[in-house]
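The values are calculated or read from the model by the stated rules, or taken from the named source; none is laboratory data. A quick note: this is a predicted structure, and the numbers were derived from the prediction, not measured. Here the Cβ is made from the backbone with ideal geometry for all residues, glycine too, and neighbour counts use every protein chain on show. Only protein heavy atoms, including side chains, enter the accessible area calculation; ligands, DNA and RNA are left aside. Shrake-Rupley method; radii C 1.70, N 1.55, O 1.52, S 1.80 Å.
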Amino acid sequence: MRRRLKSAGLWLLVLALAAGSMALPWMVCQGYDRELFAQPRTRPATDLALSAAARENGFVSQLYERQRLLGGWGEGWEPLEGEVAAGAAENARETLLELMSLESLPDGARQTVGEALAQSSQGQAWRDEMGFVRVWLGDVYLITEPVTGLPARLSVYGAADVPADPAALLKEWRALLGVDTLPDWEETQTVQAGATELRSVQGRLRLQTCAAHEVFLLEAASFS
């Protein structure tokens, strides 16, 4: 009997030592985890984030979301027909009239836009899944943003005269879009001939005017 009890005691001791050896790594890991998670962990800042002022601006935030979801202007368009297309064309005409108010708009572009407005045809219209609308009217190509209805891109074909004062035109363009409240606008270098560009890092937004290859361009677009 004593031999059996002694043998049983030895087995219990072995089992206890084994359990202790198995628990030791777990305890060490738990202690390491507590030490690790107790330390402050900083999240890397991303340069893609909009500033608070930019997020509150419907035009800026919509452009930013479209860039993230659909990419460039060449993607995501579906044709509009009937009354919907007619409504889009009418809205485009109203927007073009606003653009004609830009004092620094080049004469050639102004003339071509005026000719497009005088046409009776409604042209062609498309819309993307975010609600941006694209309209062809004569030799004028216009994209408008859905929340504010403001123009995001104007292309005028057959009008390649460079603005007399590109900086003044971009200043007027910026005010028309309501993005002049962003405080960090700076002119940036561009390799494109005949182009002048402003950028706001806080809004991840660039504004450009360009006249080349018989096309005049005003564009607002997000950048990464």
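Between the stretch 168-224 and the stretch 125-152, the C-alpha centres lie 18 angstrom from each other. Kirkwood hydrodynamic radius computed over the stretch 58-201 comes to 16.1 Å, based on all pairs of distinct alpha carbons. When +1 charges are put on Lys and Arg Cβ atoms and -1 charges on Asp and Glu Cβ atoms, the dipole computed for the stretch 67-224 relative to its Cα centre reaches about 300 debye.
Residue 55 contributes about 140 Å² of solvent-accessible surface, heavy atoms of the protein only, 1.4 Å probe. Each 5 Å bin, from zero up to the one with the longest distance, holds this percent of the alpha carbon pairs of the stretch 113-159: 5, 23, 28, 24, 14, 5, 1. Of 204, 174, the residue with the largest accessible area leads and the full order is 174, 204 (1.4 Å probe). Over the stretch 118-224, the alpha carbon radius of gyration divided by the compact-protein estimate 2.2 N^0.38 Å works out to 1.10. Using a probe of 1.4 Å on the protein chains alone, the accessible area found for residue 129 is around 150 Å². Shape class for the stretch 45-122: oblate, because the ratio a/c of the largest to smallest gyration tensor axis (alpha-carbon atoms, square roots of eigenvalues) is 1.5 or more and b/c is at least a/b.
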